[in-house]
Amino acid sequence: MKASLRKGGLRDVDSSLEGYTREQEDRAMNVILLGPPGAGKGTQGHRLSERYSIPEVSTGDILRAAVRQGTPLGQEAKSYMDRGALVPDGVIIGIVRERLAQDDTEGGFILDGFPRTVAQAEALTRMSEEQKRPIEHVLSIEVPQQELLQRLAGRRQTEGRRDDTDEAIRHRLEVYAHETAPLIDFYRRQGLLRCIAGVGTVDEIFQRIMVVL
Ligand code: AMP
């Protein structure tokens, strides 16, 4: 509903909404995608990025590119990534700070895979205050564990990611439970959390997201 307000979709329907419509359009859409590995954050992030013409900032993609290019960052990150461990907070926070300072995020951004720890979330809060880019929505994509395991095993065959081995998958799910899941409460307390059922087709999940934005 508000998604269409943002695009001015209801302007002609009810001119009394005009003030509200303008306010919506002026605000940048700064969104966090939260969820375990295999929840579909990347897939939905791409869709949102296209829908709103704002960049998707995926820390996993940035790190994988650095590993491919063999940069110092890539060399440092690789051993953590291969075993499904988190890259140290200081490294990741620096990457995101630099990325969000780029002009293309002015109209909004979609964070996929960051924050993943309370320390990262606190740093993001500070950053978004400094850069005057408040987070508007945190979408928590929820998928039962059994389905996650099936999806990650399937992805291993199609994408051939080095961290989709049984051992690394198990470790990433544990890391999610211990380090990242506490962010659900962190953002719920701030009134930013929107829970999305992450099962069904990609379209169905995307429609659920559209309803809450
Ligand atoms: P992803 O593609 O988001 O599943 O990330 C792949 C891997 O990159 C993770 O298993 C971590 O090793 C690393 N990584 C990505 N984002 C972060 C983050 N915010 N904090 C720490 N490590 C990260």
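The values are calculated or read from the model by the stated rules, or taken from the named source; none is laboratory data. This one's a predicted model, so the numbers in the text were calculated from it and none came from an experiment. Here Cβ is always computed from backbone atoms with ideal geometry, including for glycine, and neighbour counts include all displayed protein chains.
Considering every residue within segment 130-143, establish whether at least one is within 12 Å of the ligand (Cβ to nearest atom), of a type outside the set (Val, Ile, Thr) and either out of contact with any helix residue (DSSP H, G or I) (no Cβ under 7 Å at 6 or more places or on another chain) or at pLDDT below 95 (or both).
The answer is no, given that none of the residues of segment 130-143 is within 12 Å of the ligand (Cβ to nearest atom), of a type outside the set (Val, Ile, Thr) and either out of contact with any helix residue (DSSP H, G or I) (no Cβ under 7 Å at 6 or more places or on another chain) or at pLDDT below 95 (or both).
Only one of (1) closer than 22 Å to Tyr187 by Cβ; (2) surrounded by 14 or more Cβ atoms within 10 Å (Cβ to Cβ); (3) modelled with pLDDT of 95 or more fails for Val67. Which number is that?
The single condition Val67 does not satisfy is (1).
Go through segment 182-213 residue by residue and tally those that are free of Cβ contacts under 8 Å to residues at least 24 places away in the same chain and either surrounded by 15 or more Cβ atoms within 10 Å (Cβ to Cβ) or touching a strand residue (DSSP E or B) at 6+ places or on another chain (Cβ under 7 Å) (or both).
1
Here's a check for you: in segment 46-63, which residue that is free of Cβ contacts under 8 Å to residues at least 40 places away in the same chain and surrounded by 17 or more Cβ atoms within 10 Å (Cβ to Cβ) is nearest to the ligand (Cβ to nearest atom)?
Within segment 46-63, the match that is nearest to the ligand (Cβ to nearest atom) is Leu63.
Exactly one condition in (1) touching a strand residue (DSSP E or B) at 6+ places or on another chain (Cβ under 7 Å); (2) farther than 19 Å from Ile95 by Cα; (3) exposed (fewer than 15 other Cβ atoms within 10 Å of the Cβ) is not met by His137; state its number.
For His137, the failing item is (3).
Could you tell me whether segment 73-91 includes any residue that is in contact (Cβ under 8 Å) with a residue 24 or more places away in the chain and of a type in the set (Ser, Thr, Tyr)?
Checking segment 73-91: not a single residue is in contact (Cβ under 8 Å) with a residue 24 or more places away in the chain and of a type in the set (Ser, Thr, Tyr).
Exactly one condition in (1) buried (at least 21 other Cβ atoms within 10 Å of the Cβ); (2) over 30 Å from Asp166 (Cβ atoms) is not met by Leu111; state its number.
The number of the failed condition is (2).
Could you check segment 28-45 and list, in sequence order, the residues that are part of a helix (DSSP H, G or I) and away from the ligand (no atom under 11 Å from the Cβ)?
Correct list: Thr43, Gln44.
From Gly84, Gly60, Gly74, which residue is of a type outside the set (D, E, K, R) and part of a loop (DSSP other than H, G, I, E, B)?
Gly84
If Ala177 satisfies every condition in (1) within 30 Å of Gln102 (Cβ to Cβ); (2) surrounded by fewer than 15 Cβ atoms within 10 Å (Cβ to Cβ); (3) small (Gly, Ala, Ser) but one, which is the exception?
Among (1) within 30 Å of Gln102 (Cβ to Cβ); (2) surrounded by fewer than 15 Cβ atoms within 10 Å (Cβ to Cβ); (3) small (Gly, Ala, Ser), the lone unmet condition for Ala177 is (1).
Identify the residue in segment 71-118 that is more than 10 Å from the ligand (Cβ to nearest atom) and of a type in the set (A, V, I, L, M) and, among all such residues, is nearest to the chain's Cα centre (by Cα).
Applying the filter and picking the extreme gives Ile110.
Thr180 fails exactly one of the following numbered conditions: (1) over 26 Å from Val67 (Cα atoms); (2) modelled with pLDDT of 95 or more. What is the number of that condition?
The failed condition is (1).
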